Structure formats: structure tokens, C-alpha cells
Amino acid sequence: MTHDAMEGATRSSASPRVRAVWAVLFVLLLIFSVFEATKYGGWVIVAALAGAVAPDLSFLAGIAGPHEHGPHERGRLPRRAVPVYNLLHRPLFAVVLMFTCLIPESPAVAVPLFNFGLAWLVHIAADRALGYGLRAADGRQR
């Protein structure tokens, strides 16, 4: 049975090898993120926790309003939430945010920004390792 033929499928069709690479990346990024958060403490821990949950705030875009599909399609995101979800689940944007830490001259701003982006990457890597990729226009996993 192919991925497209499975009704209610919630996982991507990424190969086990690709998912294993994402899993290794997840572990390495998680270790780095925990190290950085404990090294600096305070607001950096808060920023790291916020970065870890921020990508899934895109689900809030799909809460309000009518749903286009019935209850038999679990795991399908409403169409209006797909662009936000896909944007927040692309590693490029987290990396760009991490590089913004080079702009402020104050470590009080730069370090939390870096750790927010790092935790965001941890989230993306965990999703990809578990088989949750970007969404198609209709809200299903690609």
C-alpha cells in the first residue's frame, strides 16, 4: 500500500535513511541546545523552550473557522494553516534567525536569539526524524 493510498496517514514517506539522518541531527542539536541553555540560564532557557514550541503555534491558524474535511481525516491541517505551518517548519528560517544573533551588540539579546533558533531547529529535526514533514496544499503530509 502506498503512502497516498493509506487513509488518514499522518506521516511522510521519507526513507528510513533520511529519517535516521534527521534523528542523529536531532540528538546533536538537542545536546547543543541543552548545553547552551544551561550554560547561560535565565532568559536563555525561556527562549529555548519558546523556540521548541514556536513552530507548532502554526496549528493555531487552523483552529478558528470551519474545517474543510471530516473527522475521518485525522492529521490533516486546515488549508489556511498550511502556508504558516510550512514556513515555520523550514530549517532555513531557523538558521537565519540564529545568524541574527550577530547583529545585536548586546549578548543579552544575541544569546537568547541564537538559542531560540537552535531550539527551533531541534523541533524541526525531531519532526522530520519522526516522519512529520511539510504539508501539501490540502493539509496532508507530503
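Magnitude of the Cβ-charge dipole of segment 26-142, K/R +1 and D/E -1, about the Cα centre, nearest 20 debye?
Roughly 360 debye for segment 26-142.
With every protein chain left in place and a probe of 1.4 Å, what is the accessible surface of T38, to the nearest 10 Å²?
100 Å²
What do you reckon, how do W43, W120, W22 stack up by accessible area (1.4 Å probe), largest on top?
W43, W22, W120
Might you report the magnitude of the Cβ-based charge dipole of segment 73-142 about its Cα centre, with Lys and Arg at +1 and Asp and Glu at -1, to the nearest 20 debye?
480 debye
Taking the full set of protein chains and a 1.4 angstrom probe, give the accessible area of V44 in square angstrom, rounded to the nearest 10.
V44 exposes around 10 Å² with every protein chain in place.
The values are calculated or read from the model by the stated rules, or taken from the named source; none is laboratory data. Computed from a predicted structure; not experimentally measured. Backbone-built Cβ (ideal geometry, glycine too); neighbour counts: all protein chains shown. Keep in mind that these areas ignore ligands, DNA and RNA; they rest on the heavy atoms of the full protein, side chains included. Shrake-Rupley method; radii C 1.70, N 1.55, O 1.52, S 1.80 Å.
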